[in-house]
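J.: Supplied in structure tokens, the structure appears directly below.
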Amino acid sequence: MDARDTLILAEEEKEREAVEEATALSPKLIFEAIRLNGEEELGRPARALWWSGIAAGILISFSVWGEAILRANLPDRDWRYLVENLGYSLGFVLVILGRMQLFTENTITTVVPVVLSPSRNSFLRTGRLWAVVLAANTVGAFVAAGFMVYAPVLSTAVQDAIAALSHHATAMPWHQGLLRGIPAGILIAALVWMLPGADGSALPLIILFTWLIAAGDFTHVIAGSVEMAFLLVSGDLTFVPAVFGFFIPVLLGNIIGGTMVFTLLTWAQIRPEVKRSEGC
């Protein structure tokens, strides 16, 4: 092989690598990446899930902090609403890039192994993880809310903004909370679906999708739990309307959006390919 042939082969190799980099992951490969991640999460000890979930519940409070700080410091103009909702993305950036356990991510991640192998053991494993992570996220949300209420760290303007945001989030009728939770569940599941192929664009994707949740006035059960807990700790909300008027309806909405809509529709899309490869 002469130098010319070597140069041609090297050029072809560069072109092949460029094509591979430019080609997006197929839905089947993304589904497999999420399945592997889900299997890893399902195999983690309950103690690890618990502390990771508490950390996520605390860190997601920065979505409330971020939005409130922007509201308190921006002029009261028509455009303020869209800009202040950028602050809502802060907690999600911390949680997702920090690889903390957030319940709404698990409405797709840990469900993929179940749809591939819908056995009793699969359902029990997923149910165990959901219960641990949801409880831990809620505990973390209450820890953060207690700090907001009792620690002398908030200016009056920011505390008033948090109270206003919290009242808005928890005051809507239960059926609105449920219905608004469906798009939020879909968006979080779509974000998780897109992250394996995001490479260097993960941060703008997280900001865009979570900003849209806030700007669309959709409901998210964990970020909303910080607002719910803030009002409960400060005595402006009682247990029954908090749980049955906000928490449970929004939880169901997020599950419907993330699992029953996005994950199952995605599975329907790639199921023929999976069945065909299994038959080979």
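J.: Report whether or not T170 is surrounded by 19 or more Cβ atoms within 10 Å (Cβ to Cβ), at pLDDT 95 or above, of a type in the set (S, T, N, Q) and over 16 Å from Q101 (Cα atoms). I'd like the intermediate steps shown before the answer.
T.: Details: surrounded by 19 or more Cβ atoms within 10 Å (Cβ to Cβ): yes; at pLDDT 95 or above: yes; of a type in the set (S, T, N, Q): yes; over 16 Å from Q101 (Cα atoms): yes.
Against the criterion (surrounded by 19 or more Cβ atoms within 10 Å (Cβ to Cβ), at pLDDT 95 or above, of a type in the set (S, T, N, Q) and over 16 Å from Q101 (Cα atoms)), T170 qualifies.
J.: Among the residues of segment 197-206, is there at least one that is assigned to a helix (DSSP H, G or I), out of contact with any helix residue (DSSP H, G or I) (no Cβ under 8 Å at 6 or more places or on another chain) and charged (D, E, K, R)? Walk me through it before giving the result.
T.: Start the filter on segment 197-206 by keeping residues that are assigned to a helix (DSSP H, G or I), which leaves 197, 199-206.
Imposing the further condition that a residue be out of contact with any helix residue (DSSP H, G or I) (no Cβ under 8 Å at 6 or more places or on another chain) reduces the set to 199-201, 204.
Add one more test, that the residue is charged (D, E, K, R), and what stays is 199.
So far as segment 197-206 goes, yes, one or more of its residues are assigned to a helix (DSSP H, G or I), out of contact with any helix residue (DSSP H, G or I) (no Cβ under 8 Å at 6 or more places or on another chain) and charged (D, E, K, R).
J.: Please pick out the residue among R180, R128 that is of a type in the set (K, R) and either modelled with pLDDT under 95 or not in a helix (DSSP H, G or I) (or both).
T.: Details: R180 fails: either modelled with pLDDT under 95 or not in a helix (DSSP H, G or I) (or both).
None of the other options fit; the residue is R128.
J.: Going through A189, A242, A229 one at a time, which residue ends up being buried (at least 17 other Cβ atoms within 10 Å of the Cβ) and either modelled with pLDDT under 90 or closer than 18 Å to V111 by Cα (or both)?
T.: Working: A242 fails: either modelled with pLDDT under 90 or closer than 18 Å to V111 by Cα (or both); A229 fails: either modelled with pLDDT under 90 or closer than 18 Å to V111 by Cα (or both).
None of the other options fit; the residue is A189.
J.: Here is a follow-up. Here is a list: T219, T138, T170. Which entry is more than 30 Å from R44 (Cα to Cα), of a type in the set (V, I, T) and touching a residue at least 12 places away in the same chain (Cβ under 8 Å)? Let's see the steps before the verdict.
T.: Values: T219 fails: more than 30 Å from R44 (Cα to Cα); T138 fails: more than 30 Å from R44 (Cα to Cα).
When all the criteria are applied, what remains is T170.
J.: In segment 113-160, what count of residues is obtained for those that are more than 15 Å from V233 (Cβ to Cβ) and touching a Phe, Trp or Tyr at 6+ places or on another chain (Cβ under 9 Å)?
T.: Residues meeting the conditions: 11.
The values are calculated or read from the model by the stated rules, or taken from the named source; none is laboratory data. Keep in mind the model is a prediction, meaning the values are calculated, not measured. Using ideal geometry, Cβ is built from the backbone for each residue, glycine included, and neighbour counts are taken over all protein chains shown.
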